[in-house]
Amino acid sequence: MSETYNRGTVEDVGRWTEFSAGMWAWIFHKFTGWVLVGYLFTHIAVLSTATASDPTVYNQTLSGLESLLVVRILEVGLLAVAVFHILNGIRLLLVDLGIGLQAQDKSFYASLILTGAIAVASVPTFLAGAF
Amino acid sequence: MAEHYSSFDRSGRRWLLQRLTAVFLIGTLAFHFFLLHFVNHAAEIEFAGTQARMSEVGYFSLMVLFLVAATFHGVNGVYNALVNMGLEGTRKRVVGGVLAFSGVLLIAQGIRVAFAMAGVI
Ligand code: HEM
Ligand code: HEM
């Protein structure tokens, strides 16, 4: 169950060296969540400007973006961010249901490692043809 | 280790809706990445493919639901984080209004684009 704690001091970022695994999980989850909403707004904006009565606009916009190496690298980053948010999110849902309360640290580390592995494994697919 | 950090008040409606949309998003977001990066490589997406997918009622509805759920989850998450950090009173109402309005706009625009992609408008 949750413990009460003094938010004023525990969440003071200046004390990051003292953070526990749970604190890092919380910070990473926030960070990835905000990146995802930011991406969603951008995503709809890009799709909106690309979708015109002339389909070549769409094709040129998307292939133009995909031909940039930065975009490809950012996409790997986005995948990593999404995968972490999903895995850690599932972990939070389970914790809320009271499942795995004893293994919270371990499941957080597992989320991190799995995220890293999936991101690395996706690099060939994501960067194919970018050079 | 029993400590557990959350920005949400676990008895609230925001908390519950955040969890419900999360469960739905697990499937849709994973599907979206899988379809548009691994089945169809992102660099090879063409309008014809998008139009073909969006012309199917099932896919179209799934995308619109995904849009609504993701927008709600994202905007609710941001709002909750700000409330958790101590946003109160008039500022809380103004921020809430602005966020709700942006969410509605995003959904409206997303649905418009979805129809345009399907070739309906
Ligand atoms: C870099 C990875 C991504 C790529 C390449 C991508 C690509 C696309 C494309 C091409 C479409 C048009 C539909 C189609 O062709 O089937 C689409 C729609 C959509 N995407 Fe993504 N997407 C990505 C990541 C995301 C993420 C992370 C989210 C959620 C935060 C998201 C949310 C949506 C939504 C809600 C729609 C429906 C839009 C509408 O109904 O107007 N996408 N995406
Ligand atoms: C794919 C499955 C997803 C799962 C399982 C999930 C799960 C969660 C959970 C459980 C929380 C609450 C964290 C807490 O108690 O503090 C949360 C917060 C959040 N999520 Fe997600 N989420 C998912 C997808 C998304 C998407 C697509 C977006 C963006 C559109 C997003 C944006 C956010 C934001 C902004 C927060 C608030 C972060 C904060 O407290 O600052 N999530 N998510």
Order by accessible surface, 1.4 Å probe, largest leading, for residues B:47, B:115, A:31 comes to A:31, B:115, B:47
Using 1/(1 + (r/R0)^6) with R0 = 51 angstrom and r between the beta carbons of residue A:101 and residue A:56, what's the FRET efficiency to the nearest 0.05?
0.40
Which three extents, in angstrom, do the Cα atoms of the protein assembly as shown have along their principal axes, listed largest first?
58, 44, 33
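Beyond 21 Å, what percent of the Cα pairs of region A:40-127 remain?
Details: 1896 of 3828 pairs.
Looking at region A:40-127, the distances longer than 21 Å represent 50 percent of pairs.
In whole percent, what relative contact order does chain A give with Cα contacts below 8 Å and a gap of six or more residues? List each step's numbers first, then the result.
Values: 68 pairs, mean separation 42.3, N = 131.
Computed over chain A, the figure is 32 percent.
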When the scattering of chain B is computed by the Debye formula from its Cα atoms alone, each counted once and equally, what is log10 I(q)/I(0) at q = 0.17, 0.19, 0.23 Å⁻¹?
-0.95, -1.07, -1.32
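Mind checking the full-extension length gain between residue A:19 and residue A:43? Use 0.36 nm per residue of separation minus the Cα-Cα distance, one decimal, nm. Don't skip to the answer; put the middle values down first.
On the way: separation 24, 0.36 × 24 = 8.64 nm, distance 3.39 nm.
The span from residue A:19 to residue A:43 would gain 5.3 nm if fully extended.
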May I ask for the distance between the Cα centers of region A:107-129 and region B:1-59, given as a whole number of Å?
18 Å
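With a 1.4 Å probe and every protein chain kept in, tell me what percent of the accessible surface of chain B is carbon plus sulfur.
Values: 4460 of 6510 Å².
C and S atoms contribute 68 percent here.
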Using a 1.4 Å probe and counting only protein heavy atoms, arrange A:15, B:53 so the residue with the most accessible area comes first.
A:15, B:53
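The values are calculated or read from the model by the stated rules, or taken from the named source; none is laboratory data. Remember, it's a predicted structure, so these values are computed and weren't measured experimentally. All Cβ positions, glycine included, derive from the backbone under ideal geometry; neighbour counts span all protein chains shown. For accessibility, only protein heavy atoms count, side chains too; no ligands or nucleic acids. Shrake-Rupley method; radii C 1.70, N 1.55, O 1.52, S 1.80 Å.
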